[in-house]
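Okay, structure first, notes after.
The values are calculated or read from the model by the stated rules, or taken from the named source; none is laboratory data. For clarity, every value in this text was computed on a predicted model and none was experimentally measured. Cβ placement follows ideal geometry from the backbone for every residue including glycine, while neighbour counts extend to all protein chains displayed.
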Amino acid sequence: MLEISNLTHVYGSGPGAHHALGGVDLKVAQGELVCIVGPSGCGKSTLLRSIAGLLHPTGGTVTLGGKPVERTPDDLAVVFQDYSRSLFPWMSVGDNVALPLRRKGMDRPRRREAATEALEQVGLAGAEGKYPWQLSGGMQQRVSIARALAYRPALMLMDEPFGSVDAQTREDLEDLTLRVRSHHDMTILLITHDIDESVYVGDRVVVLSKAPATVVGDLRVDLPGPRDQITTRENPEFVHLRAEVGRLVRGMRDDPGAAS
Amino acid sequence: MRFLRALGRLWLVPVVLVAWEVATRAAEDVFFPPPTTIVARMHEMWFSGPAERLWLTDAALENIPTSVGRLFVGWLLASVIGIVLGVMLGRSALLSRFIDPLIQFGRAIPPPALLPLFLALFSIGAQMQIVTITSGIIWPILLNAGDGARHVDRQHLETSTVFGLSRSQRLFWVILPSAMPKIFAGLRLSLSLALILMVISELVGSVNGIGFQLLDAQRSYDLPGVWGTIVVLGVLGYLLNSAFLVAERRVLSWHRGANRTT
Amino acid sequence: MTGRSLFDNRLLCGAIGVAGLFCLAELAGRTGLIDPIVFPLASSVVGRAVGLAADVDFLADVASTLGAWAVGLLLTVLIAVPVGFLLGTLPWVETSLRPVLEFLRPIPSVALIPLALLLFSDRFDMKVAVIVYAAWWPVLINTMYGLKDVDPLAKETLRSFGFGPMAVLWRVSLPSTAPFIATGVRLAAAIALILAISAELLAGGSSGIGTFILEAGSSPDALEYTVAATIWAGAIGVISNSLFTLAERRLFHWHLARTEGAR
């Protein structure tokens, strides 16, 4: 459903230009959960912003559902890393979740109902009346996941969604993502720099090289479901995949010319 | 305990009042009447009316609401125009580049210098006073609204793009609320400026209002009246500021909450 | 591409904006949209403003206003800064005086002009008195605020080397409060100009920009003079504000660097 071919992006021009993407090719099928890993600063966010239509890449194409992405596509939602800057502090949690539904032509009671349902799914039943800043970081990130769910997108982009929460919360949110995904027919693209996380959550792990980024590895994750934090991480297949992704990420760091 | 603490904070007020009373009585200077004389004159001027009208005199009912009315109309007009223009300038870098020098110049004109011009254009009356107030106090609102609208968090804007908010939804649900703390700072400053301009416009061109009463008292060498009017204006300023702070606290409760936790 | 880079030039865009307003105003007058009798033509106002720059009487008025303004501002700083330091360093003085100050502060400063007119026989003294009353608030408040912002570590460092309280005040508190005081003085300068002109408008008789604007009202080209003089009043405001901002940047670039770095 998502096709990226030969995507390049350069920030600025002249000798100070920064080449973020160096020709990225990627195909994502309907219903897949693809994790994208790469060393920090490798252009993962640039890739995500190009898919979301927040940035015009200097070269290459992104097509979503057969249509080229020029502006932000209608059935796409993003969960940003920095929840405190993505949720609106002047709105209650319920209003934050319901706000994007306005454009779907839903009336007020239906918007409210959808928000309540989405909040229940992320384990925040009854939090509608609270303000985001009254919740903990992990709970705020749940709210932004609920906002994306209520929107019922065909594609959900998650930009380092668990990068700013503590380890325990991080595991909870990873499981929440897996659970949510089994309930909805949704394609998810999750960007992370955490190798364990990418193998644990993803159906597929795509490894990017450091900037200018290209795809240097594309591994299928065949782990038995349902996954859980203890047994899945003990599985020999998990350990093997983790090592392989780690080598790809790290190998590129030592010698950019080795792979590809 | 609370009483004691209040006593600890306020002890100087009665001391100052008594010292003022004693000193002015001793000096017997007509220009410095004792506070008791001032209060008596204030009572006579404004608060000696019939009980069913809350003891307000005809003079109080004629002048105070007129003045406050002009002040509010001028302030509301300045708020609406200032916020609309400010947000436009804040969201359009190109527009603000063209208009910026004009704004810098406009806000540097001391507002009273415009009084003779407005007197000539509108003649004495409410219209001239409202124009004076509005044109003089619009700058802090306009500049603050522009600043607030210019510095909306990029991620907030990207979030609204991603979720496909329309232009008006983006304006009313994202840009305006996020500029609100700055706008309120401007509104508060302009409210105190509005009082100053109300007074001066009534001193220069008016036939009623508190400022006119002040001028009247001064012309008839009624010094307790002059002092009393100044006290009334001070009380009015204090009340306006306090009322505004209460409103601000309600509207911006999210802002204080969000700042406390992050 | 050239069009874009043209619009990137702030100075040029600003000049176009000013010229645009001038042309619009002139056009409105020429076409009769705004009757030139009601409001003078933009070109004749600008002509008059240029003429005023060489008008000895007007220059004397400007000098008179600026004289009162400068004396008032100087007195303000001499009074407000020490008082601010006193209140900022002795908490019990501040808590005691606060209610009195909180009551005095909301009194609209121009309301004191009629009283000052009765109290002072000399117009210049009267102007200076009301200027000082109105302008001292921003200086006082900024001084107190700046003192609260002094880094306690810097004070303790100096004390640990055996310096006395006066040395600490002179070497740490004063320098780190200075940028805040400067901001207060810049705000006070604008307020002082407002009060000077207000006092001249209300007092009449003597000299000053306000008096000039008021007296121009009796000549046949009254409005031309009024608007031209108002333009100069605005220009003085712009110049004073830019000079103060420039001085602040020059003197306290270390402070700016620090606060911007912290952000």
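Checking residue B:221 against (1) on the phi > 0 side of the Ramachandran plot; (2) more than 9 Å from chain C (Cβ to nearest Cβ); (3) over 17 Å from the mean Cα position of the chain (by Cα): exactly one of these is not met. Which one? Of everything listed in (1) on the phi > 0 side of the Ramachandran plot; (2) more than 9 Å from chain C (Cβ to nearest Cβ); (3) over 17 Å from the mean Cα position of the chain (by Cα), residue B:221 misses just condition (2). Among the residues of this structure, residue B:25 counts as one that is over 27 Å from residue B:125 (Cα atoms) and among the charged types (D, E, K, R). The residues of the stretch B:42-71 that are in contact (Cβ under 8 Å) with a residue 24 or more places away in the chain and buried (at least 16 other Cβ atoms within 10 Å of the Cβ), listed by number, are B:42, B:45, B:46, B:59, B:63, B:64, B:66, B:67, B:68, B:70, B:71.
Among the residues of the stretch B:155-164, not one is more than 7 Å from chain A (Cβ to nearest Cβ) and at pLDDT below 90. For the stretch C:191-240, taking the residues that are of a type in the set (D, E, K, R) and over 19 Å from the mean Cα position of the chain (by Cα), the one that is surrounded by the most Cβ atoms within 10 Å (Cβ to Cβ) is identified as C:224. One residue alone among C:78, C:74, C:86, C:24 is of a type outside the set (Asp, Glu), assigned to a helix (DSSP H, G or I), surrounded by fewer than 17 Cβ atoms within 10 Å (Cβ to Cβ) and not assigned by TED's automatic domain parsing to the domain that holds residue C:181, and that residue is C:24. Quick check: is even one residue across the stretch B:228-246 part of a helix (DSSP H, G or I), more than 15 Å from residue C:106 (Cβ to Cβ), more than 14 Å from chain C (Cβ to nearest Cβ) and touching a residue at least 40 places away in the same chain (Cβ under 8 Å)? For the stretch B:228-246, residues part of a helix (DSSP H, G or I), more than 15 Å from residue C:106 (Cβ to Cβ), more than 14 Å from chain C (Cβ to nearest Cβ) and touching a residue at least 40 places away in the same chain (Cβ under 8 Å): absent. The set of residues in the stretch B:234-260 that are among the aromatic types (Phe, Trp, Tyr) and under 14 Å from the mean Cα position of the chain (by Cα) comprises B:238, B:244. Given the criteria crowded, with 21+ Cβ neighbours inside 10 Å and within 20 Å of residue B:253 (Cα to Cα), does residue A:132 qualify? So residue A:132 passes the test. Selection of helices (runs of 4 or more DSSP H) fully inside the stretch C:142-257 by the criterion of at least 2 residues being farther than 29 Å from residue C:94 by Cα returns C:174-203, C:209-216, C:222-251. Every test in (1) modelled with pLDDT of 90 or more; (2) hydrophobic (A, V, I, L, M, F, W, C); (3) under 18 Å from residue C:198 (Cβ atoms) is passed by residue B:204 save one, and that test is (1). The residues listed here are C:118, C:97, C:86; of these, the one that is within 13 Å of chain B (Cβ to nearest Cβ), among the aliphatic types (A, V, I, L, M), more than 29 Å from residue B:216 (Cβ to Cβ) and without any contact (Cβ under 8 Å) to a residue 12 or more places away in the chain is C:97. Can you find even one residue in the stretch B:181-199 that is closer than 28 Å to residue C:62 by Cβ, out of contact with any strand residue (DSSP E or B) (no Cβ under 7 Å at 6 or more places or on another chain) and without any contact (Cβ under 8 Å) to a residue 40 or more places away in the chain? Yes.
Annotation note: of C:113, C:107, C:131, the sole residue that is buried (at least 18 other Cβ atoms within 10 Å of the Cβ), assigned to a loop (DSSP other than H, G, I, E, B) and assigned by TED's automatic domain parsing to the domain that holds residue C:192 is C:107.
Residues being farther than 23 Å from residue B:122 by Cα and aromatic (Phe, Trp, Tyr) are represented in the stretch C:42-59 by at least one member.
The residue list C:199, C:203 contains one member that is in contact (Cβ under 8 Å) with a residue 24 or more places away in the chain and either away from chain B (no Cβ under 14 Å) or more than 20 Å from residue C:76 (Cα to Cα) (or both), which is C:203. Take the residues in the stretch B:205-216 that are crowded, with 23+ Cβ neighbours inside 10 Å and within 10 Å of another protein chain (Cβ to nearest Cβ), then tell me which one is farthest from residue B:252 (Cα to Cα). Here the residue is B:214. For the stretch A:162-171, check the following and say yes or no: at least one residue is of a type outside the set (Gly, Ala, Ser), more than 14 Å from residue A:81 (Cβ to Cβ) and surrounded by 16 or more Cβ atoms within 10 Å (Cβ to Cβ). Looking for residues that are of a type outside the set (Gly, Ala, Ser), more than 14 Å from residue A:81 (Cβ to Cβ) and surrounded by 16 or more Cβ atoms within 10 Å (Cβ to Cβ), one finds at least one in the stretch A:162-171, hence yes.
Just a yes or no: is a residue in the stretch A:46-62 facing chain B (nearest Cβ under 10 Å), touching a helix residue (DSSP H, G or I) at 6+ places or on another chain (Cβ under 9 Å) and touching a residue at least 60 places away in the same chain (Cβ under 8 Å)? Within the stretch A:46-62 (the criterion being facing chain B (nearest Cβ under 10 Å), touching a helix residue (DSSP H, G or I) at 6+ places or on another chain (Cβ under 9 Å) and touching a residue at least 60 places away in the same chain (Cβ under 8 Å)), the answer is yes, since at least one residue qualifies.
If you go through the stretch B:161-177 one residue at a time, how many are within 15 Å of residue B:87 (Cβ to Cβ) and among the hydroxyl-bearing types (Ser, Thr, Tyr)?
Total satisfying the criteria: 1.
Restricting attention to the stretch B:107-133, the residues being over 29 Å from residue B:208 (Cα atoms) and more than 7 Å from chain C (Cβ to nearest Cβ) number 0. Could you identify the single residue in B:14, B:33 that is touching a Leu at 6+ places or on another chain (Cβ under 6 Å) and either within 24 Å of residue C:97 (Cβ to Cβ) or in a loop (DSSP other than H, G, I, E, B) (or both)? None of the other options fit; the residue is B:33.
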